[in-house]
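Okay, so here's the structure we're looking at.
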Amino acid sequence: LELHNELIRIVDFKSGILKNNASELRIKSLEQCFAGEHSKAFQLMCYAWMAYRTEPATYAQGLELAILPLQQAEGGPRLLEIDQNSLLTVQRLEEFEQVLLQHLRAMVAPDRPFQATSNVRKCTYCDFNRICQRSQED
């Protein structure tokens, strides 16, 4: 957390680089956070949501979210932009919470059958691949 221009900013320091000049931090809607291609946006939004829920009054003025890739630090932090706006308001945080809850409810719905990913390359680095014993050869 840092205070930048009288606005709280949550900065995630990354040891690597951001591909595509941080395009994954530019989204049109919060729903895009859940699509997979914008996992860093999702991660930042989760940090913001947790901070907001811990101390709502602190974030009443809004906040900014950023990633600072240490191998590209000369460019400074890359801000998350939602619909070309980097100021994250309480309204956006509450909207994120609603979308997050919808996705979580869908994930744990008892009538939803479990379906393993069809992209087994994802299984290579999965922490749970010993449980399902899937590999790229499957």
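What accessible area per residue comes out for segment 8-138, rounded to a whole number of Å², with a 1.4 Å probe?
Values: 8820 Å² over 131 residues.
Accessible area per residue, segment 8-138: 67 Å².
What does the helix-only formula give at 222 nm for the chain: each DSSP H stretch with n ≥ 4 adding -39500 (n - 2.57), the total divided by the residues, and the result rounded to the nearest 500 deg cm²/dmol?
Helices in the chain give a 222 nm mean residue ellipticity of -9000 deg cm²/dmol.
Segment 1-78: which trypsin sites (Lys or Arg not before Pro) are DSSP loop and have at most 15 other beta-carbon atoms within 10 angstrom?
Within segment 1-78, the qualifying trypsin sites (Lys or Arg not before Pro) (loop, at most 15 other Cβ atoms within 10 Å) are K28.
List the lysines whose Cα sits under 18 Å from the Cα of K28, skipping any in the same chain fewer than 8 residues away.
Output for K28: K40.
Tell me which of L1, F34, A51 sits at the most positive position along the dipole axis of segment 1-58, charges placed on C-beta atoms (Lys, Arg +1; Asp, Glu -1).
F34
Compute, for the chain, the length of the dipole vector about the Cα centre, with Cβ point charges of +1 (Lys, Arg) and -1 (Asp, Glu) only. Units Debye, rounded to 20. Before the final figure, lay out the partial values.
Numbers: 15 positive and 18 negative charges, 88 e Å.
Computed charge dipole of the chain: roughly 420 debye.
Report in % the part of the accessible area of segment 2-138 that belongs to carbon and sulfur, leaving out ligands and nucleic acids; probe 1.4 Å.
Answer for segment 2-138: carbon and sulfur cover 50 percent of the accessible area.
Taking segment 36-138, which chymotrypsin sites (Phe, Trp or Tyr not before Pro) meet the DSSP loop condition and have no more than 10 other C-beta atoms within 10 Å?
F114, F128
With point charges of +1 on the Cβ of Lys and Arg and -1 on the Cβ of Asp and Glu, referenced to the Cα centre of segment 63-103, which listed residue (Q84, A73, L100) lies farthest in the positive direction of the dipole?
Farthest towards the positive end: A73.
Say each of N119 and A35 gets a label point 7 Å from the Cα, pointing the same way as Cα to Cβ; how far apart are those two points in nm?
So the two model labels end up 1.3 nm from each other.
Angle, helix 39-54 long axis vs. longest principal axis of the chain, Cα atoms, 0 to 90°, nearest 10?
The angle comes out near 60 degrees.
Please work out the FRET efficiency for the pair Y47 and D111, using the Cβ-Cβ distance as r and a Förster radius of 35 Å; give the result to the nearest 0.05.
With R0 = 35 Å, the Cβ-Cβ based efficiency is 0.65.
The values are calculated or read from the model by the stated rules, or taken from the named source; none is laboratory data. Remember, predicted model here, so these are calculated numbers, not experimental data. Quick reminder, even Gly has a Cβ in these numbers, built from the backbone with ideal geometry, and neighbours come from all protein chains shown. Protein only, heavy atoms only, side chains kept; ligands, DNA and RNA dropped before computing areas. Shrake-Rupley method; radii C 1.70, N 1.55, O 1.52, S 1.80 Å.
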